[in-house]
Amino acid sequence: MKFGVCCSVGQAAAAQKIGFDYWELNLRELAQMDEEAFKAYLEQVQACGLPAEAANCFFPAQIRITGEGADLNKIADYARLALSRAAAAGVKTVVFGSGDARKIEEGFDPARAYAQFVEALRVVGKIAGEYGVMIAVEPLRKAEDNLINTVPQGLQAAR
């Protein structure tokens, strides 16, 4: 079994010293960097000595996965950028929590929101496959998300 930790690139070397096998980077931050900052970040990732095998914080709140503002083209464009950068950093698994982007807005039909989420998973999954990255659907606590709160719900959506 491998043990990982969510941390910054600046904390990765310390994580390795205390026994972690990998670290999990913040993908939202990575995707929002300009090209120059991203290149510098990649150098830090490669120099830190601990692989960044996973990433969290996939989608920012402003890229809606569910609701009236959901747009598959925006989702796909963002996912392509984020996942290409994740792959360049050595990430193998991206955790799809992103509660603020996927939670059902008040008054929106829950069945429609779920269908939007599943369609977004299809789009994102296809792009992830192009980069050799796996998407892990993360159940979140009800205070963070009202769409996927249990492992069986996440599994059903992934299937």
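The values are calculated or read from the model by the stated rules, or taken from the named source; none is laboratory data. A quick note: this is a predicted structure, and the numbers were derived from the prediction, not measured. Accessible surface areas use protein heavy atoms only, side chains included; no ligands, DNA or RNA. Shrake-Rupley method; radii C 1.70, N 1.55, O 1.52, S 1.80 Å.
Bridgeable lysines around LYS92 (alpha carbons under 18 Å apart, same-chain partners fewer than 8 residues away excluded): LYS2, LYS126. Compared with the alpha-carbon gap, the fully stretched path from LYS39 to ARG159 is longer by 39.7 nm at 0.36 nm per residue. In plain terms, the chain from ASP21 to GLU106 could stretch by 26.5 nm, reckoned as 0.36 nm per residue minus the Cα-Cα distance. Summed over the residues of the range 23-155 and divided among them, the accessible surface reaches 49 Å² per residue at a probe radius of 1.4 Å. The Stokes-Einstein estimate for the chain, based on a Kirkwood radius over Cα pairs and taken at 4 °C with 1.567 mPa s viscosity, is a diffusion coefficient of 80 µm²/s.
Cα to Cα, under 16 Å, and not fewer than 8 places away if on the same chain: which lysines meet these conditions relative to LYS142? In chain and number order, the partners are LYS103.
Our estimate of slack between GLN46 and ALA88, defined as 0.36 nm per intervening residue step minus the Cα-Cα distance, is 14.1 nm.
Over the chain, DSSP H runs of length four or greater, each weighted -39,500 (n - 2.57), average out per residue to a 222 nm ellipticity of -14500 deg cm²/dmol. By accessible area, using a 1.4 Å probe on protein heavy atoms only, the chain has 52% of its surface on carbon and sulfur.
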